[in-house]
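Engineer: Below is a structure I'd like to ask you about.
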Amino acid sequence: MTDQPTATDQPETRPHVPELPRVIQGGMGIAVSDWRLARTVCLHGGLGVVSGTGIDTVLLRRLQDGDPGGEVRRALAVFPNPALAQACLERYFRPEGRAPGEAYARLPMPTAERYRDAWEMTLLGAFVEVTLAREGHDRPVGLNLLTKLQLHTLPALYGAMLAGVGTVIMGAGIPRDIPGILDSFAAGRPASLRVDVRGGEGLTLTLDPADFDLRPDPLVRPAFYPIVSSHVLAGVLARKASGPVQGFIVEGPTAGGHNAPPRGPLTLDDRGQPVYGERDEVDLPAMRALGLPFWLAGGCGTPGALRDALAAGAAGIQVGTLFAFAQESGLRADLKADVLTRAQAGSLDVFTDPLASPTGFPFKVVTLPGTLSQPEVYAARERVCDLGYLREAYRTDSGRVGWRCPAEPVAAYESKGGAAADTPGRKCLCNALMADAGYAQVQRGGRTEPGLLTSGDGLGALRDWTPGYGAADVLRVLHG
Ligand SMILES: Cc1cc2nc3c(=O)[nH]c(=O)nc-3n(C[C@H](O)[C@H](O)[C@H](O)COP(=O)(O)O)c2cc1C
Ligand code: SF4
């Protein structure tokens, strides 16, 4: 494993400027872009990016499944607060794995007053993921987080920085606070994040490394690339973020995962998908004028698209879908095989669902049998909120901070002041995406959580790839 970076490697808070890659493997949650995929991409000349979304739960579920390859324990063994790592192992590691049908033990859902457990496990989870992705090479590794999921952001960033993450990439929101947070952590100082609270005053959370008995030494300051869908937002972030940004991912509406909503009033096509128009096209000359490197994402997974991107002044491309179905990705092998077989037959479709995600952002859904994309599977699932990553904070009548999600049981959502009209069609992405990665919860009555796959609109292009292809094949083809 490579050495952890320290103050002697880098001067205080100076952003680490990695050699610019032509191909960035998109961060894909939950655990689709896991350490195995990211490491393989790095070994073959791309920027491998791990997902930090839900990484505390991923860590605990891997341990409860027995950590068969021993990788998680290997990484935990070098965590700089050994007592914290040991306590996690004692509580969650199950050498024999779980009994068939046994539910995973899970953390209490964090709140504004009680988040210590979630933060500890997020620190450990992000550290493990980046440590493993960095093994055996010296190339930078990236971390992807969703801006909207604010409660776990600070420990995910700090845990990844302790492991020497080289780049942080964040979209799904406006990550204005993040550069300053990276600067503070790099300098060994505590950092704070303002959490949005609907209907009232926001909430400020602070992570002080000393509270976790972690060394306050300076660390490498990772490069920060926000994901943007417009040059205007890129300009705002370049000028007015809390610290410097080093580049941008410019993501179009064909990309997998969450998409930025269309600009202007929402109109839907005859299938019920948001309609994007000229106003949603990014002005590439304006991007170039910002003077920072940028990568184009969304349907860019071909050598021709890479050439076009370079010709347009981009540093390269970010690719998701092709890597999501490569053999090293964290997607469950049976789901991957099913999608690849159906892609060969041309029988799969991708629907840009304006309702599925509790965040309110459009979310791309693969219409795969057996998943929540099918009305009967969705209708048969009993609503339960037990992971809580997508809850929004709101001010209660008494001025406290409450948490609610439109995919939780409708009565509970209404009792928290949520509108019943916001609940139809919402999908529990926390549980579904855990299921996609092989960590499905077993709920009351022995019911196993179904999955819900996302992919870019370019899923059909998978028909050109032989099932079992690897990330190295993708990079070889893209690099031409
Ligand atoms: C399965 C899957 C999961 C994704 N999850 C995330 C995510 O958690 N965060 C994020 O910023 N982007 C996510 N994305 C978007 C990718 O990082 C990337 O930008 C996008 O896939 C590029 O477009 P393409 O799919 O057409 O290659 C996801 C994409 C896929 C296919
Ligand atoms: S209802 Fe589901 S999607 Fe919403 S926060 Fe709870 S666990 Fe996550």
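Engineer: Check which residues have an amide H placed less than 5 Å from THR448's amide H, if you skip close sequence neighbours.
Structural biologist: GLN443
Engineer: Once you wrap a convex hull around the alpha carbon atoms of region 364-480, what is its projected area averaged over all directions, in nm²?
Structural biologist: On the way: hull surface 41.4 nm².
Projected area, direction-averaged: 10.4 nm².
Engineer: Too long at a 30 Å Cα-Cα cut-off: which of LYS148/LYS240; LYS240/LYS416; LYS336/LYS416; LYS364/LYS416?
Structural biologist: Exceeds cut-off: LYS240/LYS416; LYS336/LYS416.
Engineer: Restricting the count to DSSP beta bridges whose residues both fall in the chain, what percent are antiparallel, rounded to a multiple of 5?
Structural biologist: Values: 17 of 46 bridges.
Around 35 percent of the beta bridges assigned by DSSP in the chain are antiparallel ones.
Engineer: Further question: Tell me, what is the FRET efficiency for ALA286 and GLU19 to the nearest 0.05, using R0 = 25 angstrom and their Cβ-Cβ distance as r?
Structural biologist: Numbers: r = 26 Å, r/R0 = 1.04.
Working from the Cβ atoms, E equals 0.45.
Engineer: Take the alpha-carbon centre of region 257-286, take the same for region 160-192, and report the distance between them in whole Å.
Structural biologist: 29
Engineer: Let me ask something additional. Using packing as a proxy for protection, rank 92-101, 416-425 so that the peptide with the highest average count of other Cβ atoms within 10 Å comes first. Spell out each step's value before the answer.
Structural biologist: Numbers: 92-101: 11.5, 416-425: 13.7.
Ranking the peptides 92-101, 416-425 by packing returns 416-425, 92-101.
Engineer: In percent, how large is the relative contact order of the chain, given Cα pairs closer than 8 Å and 6 or more residues apart? Walk me through the numbers before you get to the answer.
Structural biologist: Numbers: 1017 pairs, mean separation 82.4, N = 480.
Once divided by the residue count of the chain, the mean separation gives 17 percent.
Engineer: As a test of reading the structure, rank ILE24, ILE174 by solvent-accessible area (1.4 Å probe, protein chains only), most first. List each step's numbers first, then the result.
Structural biologist: Values: ILE24 0, ILE174 90 Å².
Of ILE24, ILE174, the descending order of accessible area is ILE174, ILE24.
Engineer: Using the Karplus equation 6.51 cos²θ - 1.76 cosθ + 1.60 (θ = phi - 60°), what ³J(HN,Hα) coupling, rounded to whole Hz, does each residue of region 357-374 give in order, writing x for Gly and Pro?
Structural biologist: Karplus-based 3J(HN,Hα) across region 357-374 equals 7, x, 5, x, 7, x, 9, 7, 10, 7, 7, 9, x, x, 10, 5, 5, 8 Hz.
Engineer: Now for a separate question. Going by amide H atoms built from the backbone, whose H comes under 5 Å of the H on THR53, apart from near neighbours?
Structural biologist: Residues meeting the criterion, in which the H sits 1.01 Å from N, are ALA31.
Engineer: Moving to a separate point now. State the percentage of accessible surface on the chain attributable to carbon and sulfur atoms; use a 1.4 Å probe and exclude ligands, DNA and RNA. Before the final figure, lay out the partial values.
Structural biologist: Working: 9660 of 18640 Å².
Exposed carbon and sulfur together represent 52 percent of the surface.
Engineer: Apply the Karplus parameterisation 6.51 cos²θ - 1.76 cosθ + 1.60, with θ equal to phi minus 60°, to every residue of region 133-146 and state each ³J(HN,Hα) to the nearest whole Hz, in sequence, with x for glycine and proline.
Structural biologist: Working through the residues one at a time gives 5, 8, 5, x, 7, 10, 7, x, 10, x, 10, 10, 9, 8 Hz.
Engineer: Defining a contact as two alpha carbons under 8 Å apart and six or more residues distant in sequence, what relative contact order in percent does region 244-341 show? Mind showing how you got there, number by number?
Structural biologist: Details: 106 pairs, mean separation 25.9, N = 98.
With pairs under 8 Å counted, the relative contact order is 26 percent.
Engineer: Can I ask one more? What value, in deg cm²/dmol to 500, does the helix sum -39500 (n - 2.57) over DSSP H runs of n ≥ 4 give at 222 nm once divided by the residues of the chain?
Structural biologist: Numbers: 16 runs with 144 residues, N = 480.
Rounded to the nearest 500, it is -8500 deg cm²/dmol.
Engineer: Given the convex hull over the Cα atoms of the chain, what projected area results after averaging over all orientations, in nm²? Before the final figure, lay out each step's value.
Structural biologist: Details: hull surface 85.5 nm².
Reported value for the Cα convex hull: 21.4 nm².
Engineer: Follow-up. Do you know the relative contact order of region 225-282, to the nearest whole percent, from alpha carbon pairs under 8 angstrom that are 6+ apart? Display every interim value, and only then the final one.
Structural biologist: Details: 56 pairs, mean separation 20.2, N = 58.
After rounding, I find 35 percent.
Engineer: Could you give each residue of region 174-188 its phi-based ³J(HN,Hα) in whole Hz, using Karplus coefficients 6.51, -1.76, 1.60 with θ = phi - 60°, and x for Gly or Pro?
Structural biologist: Going residue by residue, I get 10, x, 5, 7, 5, x, x, 5, 4, 4, 5, 4, 4, 7, x Hz, with x marking Gly and Pro.
Engineer: I'd like to check one number: the per residue accessible area of the chain, probe 1.4 Å, reported in Å² as a whole number. Write out the running numbers ahead of the final one.
Structural biologist: Details: 18640 Å² over 480 residues.
Dividing the accessible area of the chain by its residue count gives 39 Å².
The values are calculated or read from the model by the stated rules, or taken from the named source; none is laboratory data. Keep in mind it's a predicted model, so treat the numbers as computed, not measured. As a convention, Cβ positions derive from the backbone with ideal geometry for all residues, glycine included, and neighbour counts pool all protein chains shown. The area values use the complete protein model at the heavy-atom level, side chains included, leaving out ligands, DNA and RNA. Shrake-Rupley method; radii C 1.70, N 1.55, O 1.52, S 1.80 Å.
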